[in-house]
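Colleague: Okay, here's the structure, questions in a sec.
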Amino acid sequence: MNKKPICFFDSGIGGATILKEVVKQLPNENYVYYADSKNNPYGNKTKEELFNIISSVVDNLLKYDPKLIICACNTATEVVLNDIRKKYPNLTFVGTEPAIKVIHDKYQNKKTLVLTTKGTGESKRFKALFNNYKTPDCTLIEAPFLAGLIENNKDPYPYLKDLLKNYKDIDIVVLGCTHFPLAKEAIKKVLGDVMFIDGSIGITDRIKNILKDNLNYNGGNINIISTKGNVSEAILKIIN
Ligand code: DGL
């Protein structure tokens, strides 16, 4: 048994959409969730800015003695996680990437939109992933303002209505940012009854796989830390 916490971080509340699935499947773990709302949106930062921000997040998480750090953010994963792994070789990180491989493996003939932040859409690592797994009718759309609207509890519908106005008969939307599952209703209002795919199940499987001999059977504590304002209530609402 290993009681050390699994630590999550994101640019605010978005990563809680991953935490929700992990807590559901591993309810006896202890968790630290670090909401870096002060630096939201990560998606519009340069690589250098993001490297410094994530280094400081990791430095803060070190005091909790994490057994695993979950980068619950597609943007940070695609833009800087490789460099962060090199900087902290003794820590184990799990990243989050848009679940485009699921489309490739299961939904070749579906009309698909992949929604990402600007940072993810323009990153080298994601471009390679997209080119490798894109299906015949698959379109990438960057939504640079969506994560900020969600983080600040603003209605994303008017923005999405304009952003997605040229898309019809879409079957699947890949939610390539952990904030975006929180805009599912608004996306449906624009595109109709689409199917959504996000990375939460894949990440939970990965965590279970890494921790198989290091699970905890007597925890269940969730410690929420925020760099701006109090987001505990919003995060608990997402998880429950
Ligand atoms: N939730 C993050 C992601 O998955 C970051 C969004 C942002 O801050 O731009 O990309």
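Colleague: Let me know the number of lysine pairs in the stretch 183-240 closer than 29 Å at the Cα, not counting same-chain pairs under 8 apart.
Modeller: 8
Colleague: Then there's this: Counting other Cβ atoms within 10 Å, keep those with at most 13, restrict to DSSP loop, and tell me which trypsin sites (Lys or Arg not before Pro) in the stretch 195-240 are left.
Modeller: Lys212, Lys228
Colleague: Okay, next question. Return the inverse of the average 1/r over all pairs of distinct C-alpha atoms in the stretch 139-221, which is the Kirkwood hydrodynamic radius, in Å to one decimal.
Modeller: 14.8
Colleague: Here's a follow-up. Can you sort Val80, Val174, Val190 from fewest to most other Cβ atoms within 10 Å of each residue's own Cβ?
Modeller: Val190, Val174, Val80
Colleague: What residues have an amide H closer than 5 Å to that of Tyr33, excluding those fewer than 5 places away on the same chain, when H is modeled at 1.01 Å from N in the peptide plane?
Modeller: Amide H neighbours of Tyr33: Phe8, Asn223, Ile224, Ile225.
Colleague: Run the simple label-point estimate for Asp65 and Asn166 please: 7 Å along Cα→C-beta, distance reported in nm.
Modeller: 5.5
Colleague: Now a separate question. Work out how far the C-alpha atoms of the chain reach from end to end along every principal axis, then list the three figures in whole Å, largest first.
Modeller: 50, 37, 35
Colleague: Evaluate the relative contact order of the chain (contact order divided by residue number), counting alpha-carbon pairs under 8 angstrom at least 6 apart; express in whole percent.
Modeller: Result for the chain is 32 percent.
Colleague: Normalised by the number of residues in the stretch 1-125, what is the relative contact order in percent for Cα pairs under 8 Å and 6+ residues apart?
Modeller: After rounding, I find 29 percent.
Colleague: Follow-up question, since we're still on this one. Note the full-extension length gain between Lys212 and Lys134 as 0.36 nm times their separation in residues minus their Cα-Cα distance, in nm to one decimal.
Modeller: That works out to 24.9 nm of additional length.
Colleague: Moving on to the next point. Out of Phe130, Cys73, Phe93, whose Cα points farthest toward the positive end of the dipole of the stretch 1-132 (charges: +1 Lys, Arg; -1 Asp, Glu; placed on Cβ)?
Modeller: Towards the positive end, the residue furthest out is Phe130.
Colleague: What per residue convex hull volume, in Å³, comes out for the stretch 4-144 when only alpha-carbon positions are used?
Modeller: Residue-normalised Cα hull volume stands at 112 Å³.
Colleague: A follow-up question, please. List the GluC sites (Glu not before Pro) in the stretch 1-83 that DSSP assigns to loop (not H, G, I, E or B) and whose Cβ has at most 13 other Cβ atoms within 10 Å. Which are they?
Modeller: When the GluC sites (Glu not before Pro) of the stretch 1-83 are filtered for loop state and at most 13 Cβ neighbours within 10 Å, nothing remains.
Colleague: Setting aside same-chain residues fewer than 8 positions from Lys134, which lysines have a Cα under 20 Å from its Cα?
Modeller: By straight Cα distance, Lys134 reaches Lys101, Lys106, Lys110, Lys111, Lys118, Lys124, Lys168.
Colleague: Same structure, new question: Hand me the trypsin sites (Lys or Arg not before Pro) from the stretch 79-165 located in a DSSP loop with no more than 11 other Cβ atoms within 10 Å, in residue order please.
Modeller: Passing both the DSSP loop test and the Cβ count: Lys165.
Colleague: Just how large is the dipole of the stretch 54-180 about the Cα centre, in debye to the nearest 20, putting +1 at every Lys and Arg Cβ and -1 at every Asp and Glu Cβ?
Modeller: Once rounded to the nearest 20, the dipole reads 240 debye.
Colleague: Which angle from 0 to 90°, rounded to the nearest 10, does the C-alpha axis of helix 16-25 make with the longest principal axis of the chain?
Modeller: 60
The numbers here are math on the coordinates, done by the rules we state, and not lab data. No experiment lies behind these values; they were computed from the predicted model shown. Using ideal geometry, Cβ is built from the backbone for each residue, glycine included, and neighbour counts are taken over all protein chains shown.
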